[in-house]
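Note sheet for the following structure.
The values are calculated or read from the model by the stated rules, or taken from the named source; none is laboratory data. None of the values given here were measured: they were computed from a predicted structure. Quick reminder, even Gly has a Cβ in these numbers, built from the backbone with ideal geometry, and neighbours come from all protein chains shown. Side chains included, ligands, DNA and RNA excluded: accessible areas come from the protein's heavy atoms. Shrake-Rupley method; radii C 1.70, N 1.55, O 1.52, S 1.80 Å.
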Amino acid sequence: MRESFPTGPLCTRKSLADQFRELGVNHGDTLLLHSSLRSLGWVNGGAEAVVLALLDVLGDTGTLVVPTQSSDNSDPANWQHPPVPEAWKPIIRETMLPYDPRTTPTRLMGVIAETVRTWPSAVRSAHPQTSFSAVGPHAESLMAGHALDCAFGEQSPLAKLERAHARVLLLGVGFESCTPFHLAEYRIPGGMTENSFAIMTDEGRQWMTVRDTALSEERFDELGADFEKERTIVRGKVGGAGSRLFQLGDAVQFAQRWLLLKRPYVP
Ligand SMILES: CC(C)(COP(=O)(O)OP(=O)(O)OC[C@H]1O[C@@H](n2cnc3c(N)ncnc32)[C@H](O)[C@@H]1OP(=O)(O)O)[C@@H](O)C(=O)NCCC(=O)NCCS
C-alpha cells in the first residue's frame, strides 16, 4: 500500500525567507522567535532551513534569539507531568546534572529553538531553567548577565531585548508561548517563590535555592487576544503557519496594565 504524502504546503529556504520579508521581518532586526516546525507544512531541510531563512533575512547586522528553557532542572517536589515517588526525590536532587550552557538540551521549546542553540556561533544565557540563545552581532551583550534569581525579569535577556527594541515573531504558536508577558509580572505587585536547580560553581556542583518572582502563564491566551485587538500586530502566514509579529516592549507594556486589571492575584 502506498504511504500518504506529507501535509503541505511545501516550504523551502527561499520561500520562507520571502514570506518572512513579506510579513515584515527586516534586515538588521533583533528578533525573539517562538516557533513550531510542524505548523509550517513540510519544510525541505527542516529546522535548519527555517533558521537559515531567518538569518538570510536578518543579515549580518540582525540577531536571532530563541528561548532555550530546561525546566527539568528543578525541584522534583513540584513535578506533575509526571510526578515521581516521594522516595526518589532526594536522590533526584542529589544527582541532578548541573546546567551546562554548552550541552543542556532544551525542553518543550521545539526543534527550531534547539537548532539555534546548537548553531556554531550561538551564545546562551546563564539561567539553568529559563535561558535564551542568540545568533548575531548582539548575541553576547543580549545574553550576558542573566541572574540566577531572575528568570524573566530586569536581569534577564528579556529586559535587554526590550531596550534593544526587539520584535517578537510567533511562528505557528499562540500567545501562551509569549515569554515577554512574564517580564510584565516583575513590574506589578505579586508573590515571590523559591526556585531550586543544580548548577556548576567554582567549588563544583551545587543544588541551589533562590527567591524569585512567582510566574504563571494563566490567561496569557486571553491577554494575547486583547493585545491583538488593541495594538498593532502584523498577522500573516509563513508556509501554513499562522504568524504574528509585534514589538516586544509593546507587549510588555500592555501586559503590565492588563494583568493589574484582569488578573490582580498571584496565581
Ligand atoms: C511544543 C511545540 C514546540 C510543538 O511544536 P511542533 O511543531 O509539534 O514541534 P517542533 O517545532 O519541535 O517540530 C517537530 C515536528 O515537526 C514535524 N516535522 C518534522 N520534519 C519536518 C519538516 N521537514 N517540515 C515540517 N515539519 C516537520 C514533525 O511533526 C515533528 O514532530 P515529531 O518529531 O514528533 O515527529 C510548539 O507547539 C510550541 O509551543 N512552541 C513554542 C515554545 C516556546 O517558545 N515556549 C515558550 C514558553 S514561555
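Residues that are open to solvent by less than 70 Å² (accessible area, probe 1.4 Å), within 23 Å of ALA184 (Cα to Cα), outside any loop (DSSP other than H, G, I, E, B) and among the β-branched types (Val, Ile, Thr): does the stretch 66-86 have at least one? Yes: one or more hits. Residues in the stretch 176-200 that are over 30 Å from PRO90 (Cα atoms), surrounded by 21 or more Cβ atoms within 10 Å (Cβ to Cβ) and touching a residue at least 60 places away in the same chain (Cβ under 8 Å): SER177, CYS178, THR179, PRO180, PHE181, LEU183, ALA184, GLU185. If you go through the stretch 201-235 and pick out every residue that is open to solvent by 30 Å² or more (accessible area, probe 1.4 Å) and more than 22 Å from LYS89 (Cα to Cα), you end up with 17. Among the candidates SER133, SER141, the residue that is in contact with a strand residue (DSSP E or B) (Cβ under 8 Å, 6 or more places away or on another chain) and modelled with pLDDT of 95 or more is uniquely SER133. Here ASP226 meets each of (1) in contact (Cβ under 8 Å) with a residue 60 or more places away in the chain; (2) not in a strand (DSSP E or B) with one exception, condition (1). Just one of (1) within 14 Å of the ligand (Cβ to nearest atom); (2) of a type outside the set (A, V, I, L, M, F, W, C); (3) in contact with a Leu (Cβ under 8 Å, 6 or more places away or on another chain) fails for LYS160. It is (1). Entry remark, the stretch 239-253: residues being farther than 14 Å from THR30 by Cβ, of a type outside the set (A, V, I, L, M, F, W, C) and assigned to a helix (DSSP H, G or I) number 2 in total. Looking across the stretch 55-65, just one residue is over 21 Å from the mean Cα position of the chain (by Cα) and open to solvent by less than 30 Å² (accessible area, probe 1.4 Å), and that is GLY59. Considering only residues that are part of a strand (DSSP E or B) and within 24 Å of ARG205 (Cα to Cα), look in the stretch 110-141 and name the one that is farthest from the chain's Cα centre (by Cα). The selected residue is VAL123. The residue of the stretch 92-109 that is farthest from MET200 (Cα to Cα), among those that are outside any loop (DSSP other than H, G, I, E, B) and touching a helix residue (DSSP H, G or I) at 6+ places or on another chain (Cβ under 9 Å), is ILE92. For the residues ALA251, ALA255, the requirement of being surrounded by 15 or more Cβ atoms within 10 Å (Cβ to Cβ) and within 23 Å of LEU54 (Cα to Cα) singles out ALA251.
Remark: pairs (first residue in the stretch 15-26, closer than 14 Å to GLN247 by Cα; second residue open to solvent by 20 Å² or more (accessible area, probe 1.4 Å) and modelled with pLDDT of 95 or more; Cβ separation under 7 Å; 6+ apart in sequence or on different chains) = LEU23/VAL234; LEU23/GLY236; GLY24/VAL234. Of all residues in the stretch 72-88, none satisfies being among the hydroxyl-bearing types (Ser, Thr, Tyr) and either within 12 Å of the ligand (Cβ to nearest atom) or in contact with a Gly (Cβ under 7 Å, 6 or more places away or on another chain) (or both).
If only residues of the stretch 153-175 that are in a loop (DSSP other than H, G, I, E, B) and open to solvent by 10 Å² or more (accessible area, probe 1.4 Å) are counted, the one that is nearest to GLU94 (Cα to Cα) is GLN155.
Per-residue answers, yes or no, for (1) more than 9 Å from the ligand (Cβ to nearest atom); (2) farther than 30 Å from MET200 by Cα; (3) open to solvent by less than 20 Å² (accessible area, probe 1.4 Å):
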residue: ALA17; (1), (2), (3): yes, yes, yes
residue: GLU22; (1), (2), (3): yes, yes, no
residue: VAL25; (1), (2), (3): yes, yes, yes
residue: TRP42; (1), (2), (3): no, yes, no
residue: ALA53; (1), (2), (3): yes, yes, yes
